[in-house]
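J.: Here you go, one structure.
Values quoted throughout were computed directly from the atomic coordinates according to the rules given, and no laboratory measurement underlies them. Because the structure is predicted, anything quoted here is derived from the model rather than measured. A quick note on method: Cβ atoms are made from the backbone with ideal geometry, for glycine too, and the neighbour counts reach across all protein chains shown.
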Amino acid sequence: MDKLRVAVVGAGIYGSNHLAAYTWCPDAELVAVCDLKPELRKKVEDQYHVPTYEQVADMLEHEDVDAVSVATPDPYHAAPALEAIRHDKDVLIEKPLATTLDDARQIIAEADKHGVRVAVDYHKRWDPASIQLKNELADPSCGRIVRGYMSMDDIIDVPTKWFSWSHDSSPVHFLGTHCYDLARWYTGCEVEEVYAVGTKRMLKGMGIDTYDTIQAFLTFADGTNWTIENGWVLPHGFAKNNDGRTQIMCEHRLLRVDSQNRGVETFDDDKCHTPNYCFMQIFDGRPVGFGYDPIYDFVRCIRTGAPFVADAHDGLEAELIAGAVHKSVLTHEAVRIER
Ligand SMILES: NC(=O)c1ccc[n+]([C@@H]2O[C@H](COP(=O)([O-])OP(=O)(O)OC[C@H]3O[C@@H](n4cnc5c(N)ncnc54)[C@H](O)[C@@H]3O)[C@@H](O)[C@H]2O)c1
């Protein structure tokens, strides 16, 4: 197969990583970019010398494209994804697949109808620490999982300064879905029931109507219980934009990951920084790291027909859990997952 001709929708903070990945990837070619913001379209044209569009439909009618990456804000994945699917394109959608079950199910139904495939960029599955845990858990001498804990938090700048759409998302959609996806991947089974509590105080006080933090308790079909905590209010002075901890107690092994301090520390006049050097780096002009790997893997899977590591079904499962978590926070009751 010739190079995969890819278009990217959404050239913001994260979409720019898709642009860098497809530009470098030897098996792909970035052919067009779509963003609502004229200043971003101009920046992309100057940097990548590809045509840009304001509307996805317009782009797909004028450009010869094999596949589309969707990196629009969390609540606005469905419209561009459906447009691409209806043009018979395979799609890579940034996590979360969607923020509503209707959107998630519509994407899957439409992809089935058009015979195209949808991958979801759950990049944490490519984190070498996650791969280590996955392999440890596959070792029979580890024994069964007894209990799981995971946290993932962002500094308060993320919902207050990075995005204008935080009120239409939540720490659960933005971060929790990563954790739910990892817990499903580690256990190899599905969540049956959730109970969750949440707090709206700091962000709401700043005019952003979303949760500061949500703590969820997930019961899986294998009987294991997981506690998963996600928040958007870590102090600005934290050494990294986010913090993450995992602790899995098994019958014969205890597994722990600290995804905040990975061993590199830098100090400037203000504070200590703990960069996640495994995530995204430019080395010798090449974008390397587990943030780019799923984008390269999408290209590989489309070109070879291999199954995706994380697909729309995984995206739907994470959204089923996210929906139940939000419902439980409001009702103060345990919520069964209805499939
Ligand atoms: N920022 C991160 O650290 C990060 C990390 C991992 C994943 N993600 C995911 O990536 C996605 C995008 O996040 P971001 O941080 O890049 O947000 P962003 O706000 O920086 O960028 C989103 C871009 O999409 C454009 N856009 C919105 N609707 C559009 C449409 N219909 N057509 C064309 N362009 C449209 C906006 O103009 C904007 O430039 C989100 O789903 C997010 O969860 C972000």
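Yes or no, residue by residue, for (1) within 16 Å of the ligand (Cβ to nearest atom); (2) out of contact with any strand residue (DSSP E or B) (no Cβ under 9 Å at 6 or more places or on another chain):
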residue: P235; (1), (2): no, no
residue: L254; (1), (2): no, no
residue: G285; (1), (2): no, yes
residue: F290; (1), (2): yes, yes
residue: F308; (1), (2): no, no
residue: H332; (1), (2): no, no
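J.: Can you tell me which residue is nearest to the ligand (Cβ to nearest atom) among those in the range 62-84 that are in contact with a Lys or Arg (Cβ under 8 Å, 6 or more places away or on another chain) and not acidic (D, E)?
T.: V68
J.: If you don't mind, another one. Quick one: count up the residues across the range 245-278 that are in contact (Cβ under 8 Å) with a residue 24 or more places away in the chain, among the polar types (S, T, N, Q) and part of a loop (DSSP other than H, G, I, E, B).
T.: So the answer is 3.
J.: Scan the range 1-24 residue by residue and report those that are more than 9 Å from the ligand (Cβ to nearest atom) and in contact with a Pro (Cβ under 9 Å, 6 or more places away or on another chain).
T.: Residues satisfying the conditions are K3, A20, A21, T23, W24.
J.: With the requirement that a residue be within 16 Å of the ligand (Cβ to nearest atom) and farther than 24 Å from V6 by Cβ, what does the range 91-131 give you? Walk me through it before giving the result.
T.: Initially, the range 91-131 is screened for residues within 16 Å of the ligand (Cβ to nearest atom), giving 91-100, 103-104, 106-107, 118-127, 130.
Correct list: T99, T100, S130.
J.: Still on this structure, please answer the following. Does the range 259-280 contain any residue that is in contact with a strand residue (DSSP E or B) (Cβ under 6 Å, 6 or more places away or on another chain) and under 30 Å from V197 (Cβ atoms)?
T.: So the first thing to find is which residues in the range 259-280 are in contact with a strand residue (DSSP E or B) (Cβ under 6 Å, 6 or more places away or on another chain), and the list is 259-260, 265-266, 273.
Within this subset, residues satisfying the condition of being under 30 Å from V197 (Cβ atoms) are 259-260.
Scanning the range 259-280, I find at least one residue that is in contact with a strand residue (DSSP E or B) (Cβ under 6 Å, 6 or more places away or on another chain) and under 30 Å from V197 (Cβ atoms), so the answer is yes.
J.: Just the residues that are surrounded by fewer than 19 Cβ atoms within 10 Å (Cβ to Cβ), more than 12 Å from R147 (Cβ to Cβ) and over 19 Å from the mean Cα position of the chain (by Cα), please, taken from the range 235-256.
T.: P235, H236, G237, A239, H252, R253, R256
J.: So how many residues does the range 148-171 have that are under 30 Å from R253 (Cα atoms) and surrounded by fewer than 19 Cβ atoms within 10 Å (Cβ to Cβ)?
T.: Residues meeting the conditions: 1.
J.: Considering the range 140-167 alone, what residues qualify as being more than 16 Å from the ligand (Cβ to nearest atom) and either within 24 Å of I295 (Cα to Cα) or free of Cβ contacts under 8 Å to residues at least 24 places away in the same chain (or both)?
T.: Initially, the range 140-167 is screened for residues more than 16 Å from the ligand (Cβ to nearest atom), giving 140-151.
Scanning the range 140-167 gives a single hit, P140.
J.: Could you grab the pairs with beta carbons closer than 6 Å, sequence gap of 6+ or different chains, first residue in the range 69-81 and more than 15 Å from W162 (Cβ to Cβ), second one hydroxyl-bearing (S, T, Y) and within 6 Å of the ligand (Cβ to nearest atom)?
T.: Partner pairs satisfying both residue conditions: P80/T72.
J.: Do we have V70 as over 18 Å from S169 (Cβ atoms) and touching a strand residue (DSSP E or B) at 6+ places or on another chain (Cβ under 8 Å) here? So that I can check it myself, show each step before the final result.
T.: Numbers: over 18 Å from S169 (Cβ atoms): no; touching a strand residue (DSSP E or B) at 6+ places or on another chain (Cβ under 8 Å): yes.
Here the answer is no, as V70 does not meet what is asked.
J.: Please go through the range 30-61 and pick out each residue that is more than 15 Å from the ligand (Cβ to nearest atom) and surrounded by fewer than 16 Cβ atoms within 10 Å (Cβ to Cβ).
T.: D46, H49
J.: Looking only at the range 321-339, count every residue that is in a loop (DSSP other than H, G, I, E, B) and closer than 21 Å to L182 by Cα and tell me the total. Even if it seems obvious, please write down each step before you answer.
T.: Pass one, the range 321-339, residues in a loop (DSSP other than H, G, I, E, B): 332-334, 337-339.
Imposing the further condition that a residue be closer than 21 Å to L182 by Cα reduces the set to 337-339.
Number satisfying all stated conditions: 3.
J.: Let me ask something else. When the range 102-123 is examined, which residues are found to be of a type in the set (A, V, I, L, M, F, W, C) and in contact (Cβ under 8 Å) with a residue 24 or more places away in the chain?
T.: Taking the range 102-123 and keeping what is of a type in the set (A, V, I, L, M, F, W, C), we get 104, 107-109, 111, 116, 118-120.
Those that are of a type in the set (A, V, I, L, M, F, W, C) and in contact (Cβ under 8 Å) with a residue 24 or more places away in the chain: A104, I107, I108, A111, V116, V118, A119, V120.
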